[in-house]
Amino acid sequence: MSNLNPKANLQFISANHAAAMAATLAGRANRNARGFGGGIYPITPQTECIEYLSKQDIEKGSVVRVESEHSAMGVCIGMALSGARTFTASSSNGLSYMAENVFAAGFYRLPMVMMAVNRTMGPPWNIWVDHGDTLMLRDSGWIQMYCEDNQEVLDSILFAYRLAETANILLPAMVCQDAFVLSHTMMMTDIPSQEQVDEYLPDLNLPHRVADRAVTVGGLDFPHETEAHRHQHHDAMMRVFDVYKDCQVEFKKVFGREIPDPVVGYKTEDAEVLLVSMGTVASTARAAVDSLRDQGIKAGSVRLRLFRPFPHLLLEKMLASAERIAFIDRNVSPGMGGIMWSEGRVTAPKDALVQNYMIGLGGGDIRPEMLEKVFADLLSREQAGPPQIVEVGA
Amino acid sequence: MNSDTIKTNVNPLPEYSSCSTCGINNEPMLDGNMQREGDRNEPILRPGNTNCGGCGMSVILNWLSLAAGSETRLQMVIPACCGIVTPGKFPNSAYGLPVVASTFASAAAVGTGLAHTAELNNDNTRVICFAGDGGTYDIGMATLSAAAERNEDLLYICYDNEIYGNTGGQRSSATPLGAVTTTTQFGKDVNKKDIVAIMSAHRIPYTASLSIAHPNDSLAKLKKALAMKGFRFLHVLSPCPTGWKSEPSEGIELVRKSVKSGLFPIIEIENDEVGETLTINIEPEMCEESLRTYFESQGRFKRGVDIPEITRGIERNWKSLRLRAGK
């Protein structure tokens, strides 16, 4: 689509670099306000992102090379609390090490953006894709978006700042992408101009920033105060669905591109069998859907792009006509099953057969024929069974 | 003796001796915490705070307030510790300055963030990290060390009560040998870390130890540290009556004894392009009586301590300090 734009500035880059370019542009866009910064720390497969960022000359910017992910988020918290726009990136065990401060950033209601490259949690050590790392942080009070290609990663970071910094939202946002499938894969990506980003991202003005007022930010709450704070936090999350739409419209106006909806359907209108997935699995699912359609089967695919807040109503609408639904999780919560399935199955029609498949755990390559087999299994079932792990090998 | 090494712009004050045993006059006394011209309109530690009576942290917060005066814009980061219970519950705050309550290990990282934004915006704001020994010696050590390595523009004050006081008195790596805590019921079997040595090994511009029994020295150091750029680390021995099982009214006297006996060296270490300068600010008298009564008047040492062994440790420590001081 971007190839059609005559003003496109196309570059052949990885999603890691796309994310860093987006952060740089967003950072510079806050030069007339309180500036930009964050703490950075390397971890495979995110490292190229922070390497690229650390090379940029950002007016009124300060990127701090810290000693851990925990401190990377700590520096982001400090800078964000004093009004700067902030960014960092991490993956898998880095995210779990950072987790305490990820929750803190959520509870402080700081509109920062983090790019997370989804990688398998260790040990044993595995650097390939698995969504279990960011899903572990689903309750941290951050907005979570899962991307399907490099352009979407770049666009989503700009979009995330706009969404997160909206006055009635003020929540941090995580933009997630699949390890290596995107992070280290180069694609033609349209890089917006600084003028466009300046136009899309107004100066950040954090109403509760720490300045001179003698207040204690994040001090002690008793139960009643915590109830009120959580209530406000949850309400802000639930407002995301409406603000998301406004930010989409503005994005289209400024950049000429579409930001995908929270739930993205493919041939769902008349679909009787549906695969629901997140991230790059959705691209493979579309190939499988086409193959099934050739065989006369009314198949379709649904991609969950927004995981927090969870778009129950949108997903429910998308699944309304389906008789058989497979939730394709690239994660496992041992003792439960797929996390997306466990959260999303309530949105399926009452009479539908809903089966959970966990596939591509630890980054195994998911090919279209494997998803066709999943379709075949789904179609052959008389009733749903327990969540099933599908091994794909290397 | 100490007046040669201390440059202070506090009004000259009468010398005052209070050692009940030695009677040697070497400790100046502040002439009260009266409000003067140039003081902050409100103290940093305001009424309504939840500190226990006899808490050493209260004393150092009051002196920080005096040292900063009204001209200095301050922001403070406090990790999990008694100091973040001090302000009371939301939405009240007994602190007379903006405070960020950070996660336990993150004071120096969050402080770094505040300091960087302040620098980018020429806010003319000094950022202070105010942490206990748990958040400094233990869980915050990596964060602290890295901030010192980067020479962040931070004043880091560790009020060391030698215990996890906020959680009811467990051992930390600042708990001294022999002290009974709720997790060392038979007395701690290893020595405490030498935090001043550790921090000065980072070659930061300023490292100093402060005594709450020596206001002139401490105020001078606070003023000096507030005025300097780069990473400054101050170590304050902070009595905790509930954890030390000591009389609240005796806290300052206990610290005085620890200084007099040589147990708690009052020094400062400066680093610049020339190199390191270690100054001994208060000469200890190696007073044995003070050492003995220091331990005897604290219930946490009820299982007994090996005084001769502790004395040998003090002597070893002072030998190396004098070598570094070049005298």
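Values quoted throughout were computed directly from the atomic coordinates according to the rules given, and no laboratory measurement underlies them. Being a predicted model, the structure only gives us computed values, none of them experimental. Here the Cβ positions follow ideal geometry from the backbone for every residue, glycine too, while neighbour counts run over all protein chains shown.
Note on chain A: antiparallel DSSP beta bridges, both residues inside, total approximately 25 percent of the bridges counted.
Note on the stretch A:301-319 and the stretch B:224-298: Cα centroid distance 61 Å, given to the nearest whole angstrom.
Assuming a ≥ b ≥ c are the square roots of the Cα gyration tensor eigenvalues, decide whether chain B counts as rounded (a/c under 1.5), prolate (otherwise, with a/b larger than b/c) or oblate. All intermediate terms of the calculation are to be shown ahead of the outcome.
Values: a/c = 1.35, a/b = 1.24, b/c = 1.09.
Verdict is rounded for chain B.
Per-residue shielding of A:79-89, expressed as the average number of other chain Cβ atoms within 10 Å of the residue Cβ, stands at 5. Sorting A:190-199, A:322-331, B:104-113 by average packing, meaning the other beta carbons within 10 Å per residue, from highest down gives B:104-113, A:322-331, A:190-199. Here's how it looks for A:Q388: its modeled amide H is under 5 Å from those of A:N356, A:Y357, A:M358, which are all 5 or more places away or on a different chain.
Legend: translational diffusion of the protein assembly as shown by Stokes-Einstein, Rh = Kirkwood radius over C-alpha pairs, 25 °C, 0.890 mPa s; D = 88 µm²/s.
So, by mean Cβ neighbours within 10 angstrom, what's the order for A:50-56, A:264-270 with the highest one leading?
So the order, starting with the most tightly packed, is A:50-56, A:264-270.
Extension gain for A:S342 to A:A167 (0.36 nm times residue separation, less C-alpha to C-alpha distance): 59.8 nm.
Close amide-amide hydrogen proximity is noted between A:D130 and A:R119, A:T120, A:A179, each under 5 Å apart and 5 or more residues distant or on a separate chain (H modeled in the peptide plane; Pro and chain starts excluded).
Rounded to the nearest Hz, the phi-derived 3J(HN,Hα) couplings of the stretch B:68-74 under the Karplus curve 6.51 cos²θ - 1.76 cosθ + 1.60 (θ = phi - 60°) are 6, x, 8, 7, 9, 7, 10, where x marks glycine and proline. Taken over the Cα atoms of the stretch A:10-255, the convex hull encloses 118 Å³ per residue. Using r as the Cβ-Cβ distance of A:E51 and B:N92, and R0 as 41 Å, what FRET efficiency do you calculate, to the nearest 0.05? Given R0 = 41 Å and the Cβ-Cβ separation, E is 0.35. Shown for B:L321, A:L201, B:L254: other C-beta atoms within 10 Å of each C-beta, ranked fewest to most, produce the order B:L321, A:L201, B:L254. Farthest toward the positive end of the dipole of the stretch A:263-390, out of A:Q383, A:G335, A:S321, is the Cα of A:G335, where the dipole comes from beta carbon charges about the Cα centre.
Along its first, second and third principal axes, ordered by size, the stretch A:263-390 spans 36, 31, 28 Å in Cα coordinates.
For chain A, the 222 nm mean residue ellipticity estimated from helices alone, with every DSSP H stretch of n ≥ 4 adding -39500 (n - 2.57) and the total spread over all residues, rounds to -12000 deg cm²/dmol. Peptide A:42-51 has a mean of 0 when you count, residue by residue, the C-beta atoms of other protein chains within 10 Å of its C-beta. For the protein assembly as shown, the dipole from Cβ point charges (+1 on Lys and Arg, -1 on Asp and Glu) about the Cα centre works out to 640 debye, to the nearest 20. Here each label is just a point 7 Å from Cα along the line to Cβ, and for A:E199 and B:A201 those points are 5.7 nm apart.
Rounded to the nearest 0.05, what FRET efficiency is calculated for A:F12 and B:E71 with R0 set to 41 Å and r the Cβ-Cβ distance? Let's see the in-between values first.
Numbers: r = 55 Å, r/R0 = 1.35.
It comes to 0.15.
Using unit Cβ charges (K, R positive; D, E negative) and no other charged atoms, how large, in debye to the nearest 20, is the dipole of the stretch B:101-230 about its Cα centre? Spell out each step's value before the answer.
On the way: 11 positive and 12 negative charges, 42 e Å.
Using only the charged Cβ atoms, the result is roughly 200 debye.
Taking other C-beta atoms within 10 Å as the exposure proxy, B:K257, A:K252 rank A:K252, B:K257 from fewest upward. Which Cα, out of B:A227, A:Q46, A:Q194, lies furthest along the positive dipole direction of the protein assembly as shown (beta carbon charges, K/R +1, D/E -1)? Final value for the positive-end residue is B:A227.
From least to most packed, judged by other beta carbons within 10 angstrom and beginning with the fewest, B:C129, A:C176 follow the order A:C176, B:C129.
The Cα center of the stretch A:95-170 and the Cα center of the stretch B:30-99 differ in position by 37 Å. Remark on A:T189: its backbone amide H falls under 5 Å from those of A:Q11, A:F12, A:I13, a criterion applied only to residues 5 or more positions apart or on other chains, H modelled at 1.01 Å from N.
Semi-axis lengths, largest first, of the ellipsoid equivalent to the stretch A:22-94 are 20, 14, 8 Å, with √(5λ) applied to each eigenvalue of the Cα gyration tensor. Once the stretch A:136-259 is represented by equal point scatterers at the alpha-carbon sites, with solvent omitted, what log10 I(q)/I(0) does the Debye formula produce at q = 0.11, 0.18 Å⁻¹? Scattering profile of the stretch A:136-259, log10 relative to I(0): -0.48, -1.07.
About its Cα centre, the dipole of the stretch A:10-255 is roughly 440 debye, where the only charges are +1 on Lys and Arg Cβ and -1 on Asp and Glu Cβ.
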